[in-house]
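**Student:** Sharing a structure with you now.
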Amino acid sequence: PRTRILATGGASHNTKILQVLSDVFNAPVFTIDTANSACLGSAYRAIHGLVAERNVSLADAVKLAPEPRLAVTPTPGAEELYRPLLKRYAELEQKVIYNPASSCL
């Protein structure tokens, strides 16, 4: 219930793509308008790595980051459509991970 998606880069300007993400994962999608977002994400993870041994959460490590803006929220009823599909996807993914020979089926 506390899940949220942070979208950056070129696709983050396409509300249709963001809406699909929101509906599939049943979570609001936020954006940050920043250049070199992959580098920014890596930097946040590096900071988190430096302070992780002191039990600092990632959320606490990025508290001073620019506040993302809400771009889209899930379409009502979309969760009912996507929940079984996500479950099936996870099952198939596990089959591939634990039995790579079956991935060709």
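The values are calculated or read from the model by the stated rules, or taken from the named source; none is laboratory data. Treat the numbers as computed from the prediction; the structure is a model and nothing was measured. No Cβ is skipped: glycine too gets one built from the backbone with ideal geometry, and neighbour counts run over all protein chains shown. The protein model used for the area step is the full one, side chains on, heavy atoms only, and it has no ligands, DNA or RNA in it. Shrake-Rupley method; radii C 1.70, N 1.55, O 1.52, S 1.80 Å.
**Student:** How about the range 21-105: which helices (runs of 4 or more DSSP H) wholly inside it have at least 3 residues that are assigned by the TED database to the domain that holds ILE5 and of a type in the set (A, V, I, L, M)?
**Tutor:** On the way: elements: 37-51, 58-61, 78-98.
The helices (runs of 4 or more DSSP H) meeting that bar are 78-98.
**Student:** Could I ask something else about it? Can you pull out the residues in the range 54-93 that are open to solvent by 80 Å² or more (accessible area, probe 1.4 Å) and either polar (S, T, N, Q) or in contact with a helix residue (DSSP H, G or I) (Cβ under 6 Å, 6 or more places away or on another chain) (or both)?
**Tutor:** ASN55 - this is the single residue of the range 54-93 that is open to solvent by 80 Å² or more (accessible area, probe 1.4 Å) and either polar (S, T, N, Q) or in contact with a helix residue (DSSP H, G or I) (Cβ under 6 Å, 6 or more places away or on another chain) (or both).
**Student:** While we're on this one: Starting from residues that are of a type outside the set (Lys, Arg) and not in a helix (DSSP H, G or I), keep the ones in the range 1-20 and report whichever is surrounded by the most Cβ atoms within 10 Å (Cβ to Cβ).
**Tutor:** Step one: filter the range 1-20 for residues of a type outside the set (Lys, Arg), giving 1, 3, 5-15, 17-20.
Add one more test, that the residue is not in a helix (DSSP H, G or I), and what stays is 1, 3, 5-9, 14.
On the way: PRO1: 4, THR3: 8, ILE5: 17, LEU6: 14, ALA7: 20, THR8: 18, GLY9: 13, ASN14: 12.
Restricting to residues being of a type outside the set (Lys, Arg) and not in a helix (DSSP H, G or I), the top hit is ALA7.
**Student:** Tally the residues that are free of Cβ contacts under 8 Å to residues at least 24 places away in the same chain and β-branched (Val, Ile, Thr), restricting the search to the range 5-41.
**Tutor:** 2
**Student:** On to the next question. Given the structure, is ARG83 among the charged types (D, E, K, R) and touching a residue at least 40 places away in the same chain (Cβ under 8 Å)?
**Tutor:** On the way: among the charged types (D, E, K, R): yes; touching a residue at least 40 places away in the same chain (Cβ under 8 Å): yes.
Yes, satisfied.
**Student:** Considering only residues that are open to solvent by 40 Å² or more (accessible area, probe 1.4 Å) and among the small types (Gly, Ala, Ser), look in the range 21-51 and name the one that is farthest from ARG88 (Cα to Cα).
**Tutor:** Step by step, filter the range 21-51, then rank; the result is ALA35.
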